[in-house]
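The values are calculated or read from the model by the stated rules, or taken from the named source; none is laboratory data. Only a predicted model underlies this, so the values are computations on that prediction, with no experimental measurement involved. Cβ placement follows ideal geometry from the backbone for every residue including glycine, while neighbour counts extend to all protein chains displayed. Areas reflect the complete protein model, heavy atoms only, side chains present, ligands, DNA and RNA absent. Shrake-Rupley method; radii C 1.70, N 1.55, O 1.52, S 1.80 Å.
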Amino acid sequence: MGKRIGIEVSLAVSEAVKLCNTDVVAAYPITPQTHIVEHLSEIIADGELDAEFICVESEHSAMSACLGSAAAGARTFTATAGQGLELMHEAVYLASSMRLPMVMAVANRALSAPLSVWGDHSDVMAVRDTGWIQVFCEDGQEAFDHIIWAFRVAEDNRVLFPVMVHLDGFHLTHVVEPIYIEDREKVDSFLPPNRFPLPLDPKKPVSMGTFAPPVIYTEIKKAQEDAFQSIMPHIVECWEKFGKHFGRSYKPVETYRAEDAETLIMTMGSYGETASVAIDTLRAKGLKVGQVKLRLWRPFPFKELRDAVKGAKNLIVLDRCISSGGPGGPVASEVRSALYDEPVRPVVVGYISGLGGRDILPEQFEAMIERGIKDAAKGRTERMVILGARE
Amino acid sequence: MAEITVKDVKTGFIVDTPGGAKAYRTGDWRSQRPVYDQDRCVKCGVCYLFCPDSAIKIKEDGYVEVDEFYCKGCGICAKECWTGAFEMKPLGEEKK
Ligand code: SF4
Ligand code: SF4
């Protein structure tokens with residue numbers, strides 16, 4: 001039987017990696033991801049997990065080692081954050097283009113300069129277009145669950161794409177929470193062994209990541225993109241199976257008190273819970289407000305988003321990243337694009353807040369929602385609204 | 001290769017035929033080609049060693065020949081041949 005224990009979320013992530021019988025972990029320690037790999041190296045050194053821990057000299061090497069490991073058909077895990085994710089950037093593309101399944105936990109962190117080890121989504125947005133499946137977790141249980149879920153999705157031979165599991169730096173990684181740790185048999189019966197269809201094998205040699213001149217590059221990229229866009233049913237199916245097996249269900253877009261809501265606030269990641277507190281307060285005051293949580297960031301859940309916001313007048317989107325010189329925050333821009341073709345759609349108002357680990361308190365969410373309702377009445381907001389900066 | 005469509009692309013663009021790059025014509029990049037003067041050739045094999053596309057073959061008699069399918073006209077053979085047996089000429093002017 002599994003058991004519910006008080007545990008730091010980072011350690012719970014490592015425990016999940018252990019329960020998945022991971023074969024290879026290649027990682028470089030970087031704040032706020034450090035506790036995940038530290039604990040994994042202990043688990044492996046203590047013989048609790050029969051895996052290879054590759055101590056690499058940088059994140060670029062971590063991802064490169066993971067590429068080789070996944071290509072060999074080994075169940076592969078890595079974790080990183082902020083600058084580390086940026087350092088591995090070019091190799092991150094290879095994993096998805098070569099259709100190599102692996103799981104990477106990203107302890108979301110702001111980017112330098114100025115140097116900040118605290119959480120926001122700047123690192124995520126810089127790898128937005130790398131072709132990885134990307135999910136956001138709101139709490140520790142979700143982070144634990146999504147490691148197990150991610151291996152099954154990534155290795156599903158109808159999918160074969162790598163998965164990033166995003167958990168906010170410090171807000172999740174360094175918090176002790178009561179988390180239900182599943183037992184091995186239960187995880188084993190959910191997660192079949194990795195059956196990578198074309199592993200590197202001297203008896204049956206193949207070339208991976210080969211060269212492509214202009215005459216074929218477009219066809220390959222289109223094939224990759226068609227495949228990526230067609231995996232949504234398998235992603236959803238895996239969540240459904242997870243729900244049946246473990247009793248905790250997830251969806252690409254989730255809502256909180258959203259039925260009959262006139263104004264919705266959209267969050268991604270750990271601030272979802274704080275926003276929910278604000279929603280409760282405003283509901284008690286009689287305001288028809290609700291919440292939309294974007295769990296699946298890539299592939300973007302267009303249909304699910306449209307369904308979730310149908311009927312609302314205003315949609316306030318919180319971004320924890322600036323798209324420099326661009327149209328505000330990346331999430332708000334995508335949400336606007338996703339809804340643009342709808343004949344009836346809510347007014348989308350985008351705010352940027354919570355940068356570099358700055359807290360957003362429930363009262364500030366309330367103020368954000370109240371301001372959003374006013375701004376939406378004007379029909380649009382300024383292009384880039386950064387909240388909370390002392391001026 | 002030009003006929004490969006999106007449907008033909010294997011998952012991950014894996015190449016499962018060893019040596020598959022052999023079928024790739026590097027020769028169509030060429031804007032100049034090496035013109036060989038056998039009389040100056042001393043059969044040393046330096047050009048054969050230096051050609052980055054393995055486009056130079058050594059014949060049975062020890063003289064060399066250029067495989068047009070792969071020769072991309074880089075001029076390395078002409079530069080490295082110490083007897084000057086190769087001269088690079090723009091396409092269309094080779095015969096002059
Ligand atoms: S380098 Fe010059 S001399 Fe030597 S084999 Fe080649 S063509 Fe002949
Ligand atoms: S021109 Fe370049 S590719 Fe052609 S034969 Fe000489 S060295 Fe080889």
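Cβ-Cβ distances below 8 Å connect the following pairs, each with a first residue in segment A:98-113 that is free of Cβ contacts under 8 Å to residues at least 60 places away in the same chain, a second residue that is open to solvent by 10 Å² or more (accessible area, probe 1.4 Å), and a separation of six or more residues or different chains: A:111/A:83; A:111/A:86; A:111/A:122; A:111/A:126; A:112/A:83. Evaluate segment A:245-268: report whether one residue or more is within 26 Å of residue A:95 (Cα to Cα), touching a Ser or Thr at 6+ places or on another chain (Cβ under 8 Å) and more than 14 Å from every other protein chain (Cβ to nearest Cβ). No, the conditions are met nowhere in segment A:245-268. In segment B:26-58, the residue that is farthest from ligand 2 (Cβ to nearest atom) out of those that are in contact with a strand residue (DSSP E or B) (Cβ under 6 Å, 6 or more places away or on another chain) and without any contact (Cβ under 8 Å) to a residue 24 or more places away in the chain is B:58. One residue is enough: does segment A:222-242 have a residue meeting the conditions within 14 Å of another protein chain (Cβ to nearest Cβ) and assigned to a loop (DSSP other than H, G, I, E, B)? Yes.
Could you pull out the residue among A:172, A:160 that is touching a Ser or Thr at 6+ places or on another chain (Cβ under 9 Å), at pLDDT 95 or above and more than 14 Å from every other protein chain (Cβ to nearest Cβ)? If you could, list the steps in order and put the result at the bottom.
Working: A:160 fails: more than 14 Å from every other protein chain (Cβ to nearest Cβ).
None of the others qualify; the one that does is A:172.
Okay, residues lined up against (1) surrounded by fewer than 17 Cβ atoms within 10 Å (Cβ to Cβ); (2) not β-branched (Val, Ile, Thr):
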position: A:231; (1), (2): no, no
position: A:264; (1), (2): no, yes
position: A:275; (1), (2): no, yes
position: A:280; (1), (2): yes, yes
position: A:292; (1), (2): no, no
position: A:297; (1), (2): no, yes
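May I ask you to list the residues in segment A:177-208 that are more than 12 Å from chain B (Cβ to nearest Cβ), surrounded by 14 or more Cβ atoms within 10 Å (Cβ to Cβ) and not acidic (Asp, Glu)? Listed by number, the residues that qualify are A:179, A:180, A:181, A:186, A:187, A:190, A:191, A:194.
Please verify whether residue B:89 is more than 10 Å from ligand 1 (Cβ to nearest atom) and either open to solvent by less than 30 Å² (accessible area, probe 1.4 Å) or touching a residue at least 40 places away in the same chain (Cβ under 8 Å) (or both), treating the condition exactly as stated. It is true that residue B:89 is more than 10 Å from ligand 1 (Cβ to nearest atom) and either open to solvent by less than 30 Å² (accessible area, probe 1.4 Å) or touching a residue at least 40 places away in the same chain (Cβ under 8 Å) (or both).
Considering only segment A:28-40, I want to know if a residue exists there that is farther than 22 Å from residue A:123 by Cβ and out of contact with any Phe, Trp or Tyr (no Cβ under 7 Å at 6 or more places or on another chain).
Of segment A:28-40, the ones farther than 22 Å from residue A:123 by Cβ are none.
No, segment A:28-40 has no match at all.
Residue B:60 meets the conditions (1) more than 7 Å from ligand 1 (Cβ to nearest atom); (2) surrounded by fewer than 19 Cβ atoms within 10 Å (Cβ to Cβ); (3) at positive phi; (4) modelled with pLDDT of 95 or more in every case but one. The failed one is (3).
Please work out if residue A:167 is open to solvent by less than 10 Å² (accessible area, probe 1.4 Å), away from chain B (no Cβ under 13 Å) and not polar (S, T, N, Q). Answer is yes for this residue. Among the residues of segment B:30-44, what is the count of those that are closer than 25 Å to residue B:91 by Cα and either part of a loop (DSSP other than H, G, I, E, B) or in contact with a Phe, Trp or Tyr (Cβ under 8 Å, 6 or more places away or on another chain) (or both)? The qualifying residues number 8. Regarding residue B:17, is this residue at pLDDT below 95 and within 11 Å of ligand 2 (Cβ to nearest atom)? It is false that residue B:17 is at pLDDT below 95 and within 11 Å of ligand 2 (Cβ to nearest atom).
Among the residues of segment B:5-29, count how many are among the hydrophobic types (A, V, I, L, M, F, W, C), part of a helix (DSSP H, G or I) and at the interface with chain A (Cβ under 10 Å from one of its Cβ atoms). Let's see the steps before the verdict.
To start, the set of residues in segment B:5-29 that are among the hydrophobic types (A, V, I, L, M, F, W, C) comprises B:6, B:9, B:13-15, B:21, B:23, B:29.
Now drop any that are not part of a helix (DSSP H, G or I), which leaves B:6, B:13, B:21, B:23, B:29.
If we keep only those that are at the interface with chain A (Cβ under 10 Å from one of its Cβ atoms) too, we end up with B:6, B:13, B:21, B:29.
Qualifying residue count for the region: 4.
Residue A:215: touching a Pro at 6+ places or on another chain (Cβ under 8 Å) and part of a helix (DSSP H, G or I), yes or no? When the stated conditions are applied, residue A:215 does not pass them. Among the residues of segment B:68-86, those that are within 14 Å of ligand 1 (Cβ to nearest atom) and either surrounded by 12 or more Cβ atoms within 10 Å (Cβ to Cβ) or without any contact (Cβ under 8 Å) to a residue 12 or more places away in the chain (or both) comprise B:71, B:75, B:76, B:77, B:78, B:79, B:80, B:81, B:83, B:85, B:86.
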